[in-house]
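**Q** The structure's right below; bear with me while I get my questions together.
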Ligand code: PMP
């Protein structure tokens, strides 16, 4: 029976990571995997996370099952973090804990399929590598719209023109901040334009908030999302604590559904819990208990999160100014203006291969590099290599 299994390609990202590990060159630089690294090249455990784990080790009372929706305290804090403490009470929402941001996307994909099996998900091009496979695995059709910059900002005319075929009930999948892979984020006025588009067409926004706090800080990063929530009857949100708490392997995220009509919330919750039940019953508690502790120590968390954000910003600016000083093209220098961990180089797959072979610098084949994986002493090497490959 197994002989009839269709051949599947190995995951290209994990394949690159394997190649990087096998590369014997001492000066090699890994800009592939999307994790934050500090100046020593480590992905540190936040101090507040360590404090939470000590506290839990000493105080956790029971490992008995929790609810299908996961850790209630975590869900409460996550709702507030996304929607802000004052607006959370106004907007009626349901948040359930999920297995990372990926789990949230899949739960929401299943939710959409239950409500509207013929809905099309409109995805950015370029986009996050796993969005299309997750939505297709949930049985949904995926179309694309261009996500590119024009004179340093998102070219929203191309977005809206590509979205002209979207129909009522379709899904507009946007990154809440720090677009992966391009680093191009909408301005606030552009978020307002997306809200107007959704209002006029009946298209429903699904906001993937995987990097809140990594762009301009948690509240500014959520400003676009909060505007959508203030304007529309229905907003879906997938969120994650992988990056902003450094809890990657604990797999902690949330699916949130905001409705204007409070009466709809009970059936929303029941359907979300049903989807969880038939997939994994309930999510593991440890990461959520840690995250709930972190959320309730906002000052210490904010200090550590700000440190990560500012390091990424500094590295980005230094890379931008080094490129400029070395006479790089405006297209390359544009990465200085982008947001979050990633930028997309204006390189073909062949050029990315050359970067790897000639300079031992690893990014993904579509040109994505993880700026948050770079150390200060590597900036000049990277800038010189980029200029060499672009010639
Ligand atoms: N959405 C985006 C845009 C991402 O970049 C990622 C992970 N890098 C995720 C979702 C998934 O996050 P998690 O690791 O929490 O599943």
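The values are calculated or read from the model by the stated rules, or taken from the named source; none is laboratory data. Keep in mind it's a predicted model, so treat the numbers as computed, not measured. Backbone-built Cβ (ideal geometry, glycine too); neighbour counts: all protein chains shown.
**Q** Starting from the range 247-259, take each residue that is within 11 Å of residue 286 (Cα to Cα) and list its partners that are more than 7 Å from the ligand (Cβ to nearest atom) and part of a strand (DSSP E or B), counting only C-beta distances under 6 angstrom and pairs at least six apart or across chains.
**A** Here the result reads 251/99, each pair linking the range 247-259 to a residue that is more than 7 Å from the ligand (Cβ to nearest atom) and part of a strand (DSSP E or B).
**Q** Hey, another quick one. Pick out the one residue from 137, 91 that is more than 25 Å from residue 183 (Cα to Cα), within 16 Å of the ligand (Cβ to nearest atom) and over 18 Å from the mean Cα position of the chain (by Cα).
**A** Among 137, 91, only 137 is more than 25 Å from residue 183 (Cα to Cα), within 16 Å of the ligand (Cβ to nearest atom) and over 18 Å from the mean Cα position of the chain (by Cα).
**Q** Has the range 58-70 got any residue that is more than 16 Å from the ligand (Cβ to nearest atom), within 20 Å of residue 240 (Cβ to Cβ) and in a helix (DSSP H, G or I)?
**A** No, every residue in the range 58-70 fails to be more than 16 Å from the ligand (Cβ to nearest atom), within 20 Å of residue 240 (Cβ to Cβ) and in a helix (DSSP H, G or I).
**Q** While we're looking at this one, here's another question. Can you pull out the residues in the range 170-193 that are more than 18 Å from residue 213 (Cβ to Cβ) and touching a helix residue (DSSP H, G or I) at 6+ places or on another chain (Cβ under 7 Å)?
**A** Result: 171, 172, 173, 190, 192, 193.
**Q** Output the residue which, of all residues in the range 216-260 that are touching a helix residue (DSSP H, G or I) at 6+ places or on another chain (Cβ under 8 Å), more than 18 Å from residue 309 (Cβ to Cβ) and assigned to a loop (DSSP other than H, G, I, E, B), is farthest from the ligand (Cβ to nearest atom).
**A** My answer is 232.
**Q** Name the single residue, out of those in the range 356-365 being out of contact with any helix residue (DSSP H, G or I) (no Cβ under 7 Å at 6 or more places or on another chain) and crowded, with 16+ Cβ neighbours inside 10 Å, that is nearest to residue 127 (Cα to Cα).
**A** Among them, the one singled out is 356.
**Q** Let me ask something else. Please determine whether any residue of the range 180-203 is more than 29 Å from residue 311 (Cβ to Cβ), over 21 Å from the mean Cα position of the chain (by Cα) and at pLDDT below 95.
**A** No, there is no match, as no residue in the range 180-203 is more than 29 Å from residue 311 (Cβ to Cβ), over 21 Å from the mean Cα position of the chain (by Cα) and at pLDDT below 95.
**Q** Sticking with this one: Within the range 120-132, how many residues turn out to be within 18 Å of residue 165 (Cα to Cα) and surrounded by fewer than 21 Cβ atoms within 10 Å (Cβ to Cβ)?
**A** Looking only at that region, the number is 2.
**Q** Out of all the residues in the range 95-134, which are in a helix (DSSP H, G or I), within 14 Å of the ligand (Cβ to nearest atom) and either under 19 Å from residue 257 (Cα atoms) or at pLDDT below 95 (or both)?
**A** Selection gives 100, 101, 102, 103, 104, 105, 106, 107, 108, 109, 131, 134.
**Q** Quick one: what pairs do we get from the range 10-30, first residue free of Cβ contacts under 8 Å to residues at least 40 places away in the same chain, second part of a helix (DSSP H, G or I), C-beta under 9 Å, 6+ apart or different chains?
**A** That search, which allows pairs on different chains as well, returns 10/18.
**Q** Output yes when any residue across the range 157-169 is touching a helix residue (DSSP H, G or I) at 6+ places or on another chain (Cβ under 8 Å), more than 16 Å from residue 215 (Cβ to Cβ), within 12 Å of the ligand (Cβ to nearest atom) and modelled with pLDDT of 95 or more, and no when none is.
**A** Scanning the range 157-169, I find no residue that is touching a helix residue (DSSP H, G or I) at 6+ places or on another chain (Cβ under 8 Å), more than 16 Å from residue 215 (Cβ to Cβ), within 12 Å of the ligand (Cβ to nearest atom) and modelled with pLDDT of 95 or more, so the answer is no.
**Q** Taking the range 186-211 as the region of interest, how many residues are within 12 Å of the ligand (Cβ to nearest atom), in a loop (DSSP other than H, G, I, E, B) and in contact with a strand residue (DSSP E or B) (Cβ under 7 Å, 6 or more places away or on another chain)?
**A** 1
**Q** Something else: Name the helices (runs of 4 or more DSSP H) wholly within the range 276-355 that hold at least 1 residues that are without any contact (Cβ under 8 Å) to a residue 24 or more places away in the chain and in contact with a helix residue (DSSP H, G or I) (Cβ under 8 Å, 6 or more places away or on another chain)?
**A** 298-325, 330-333
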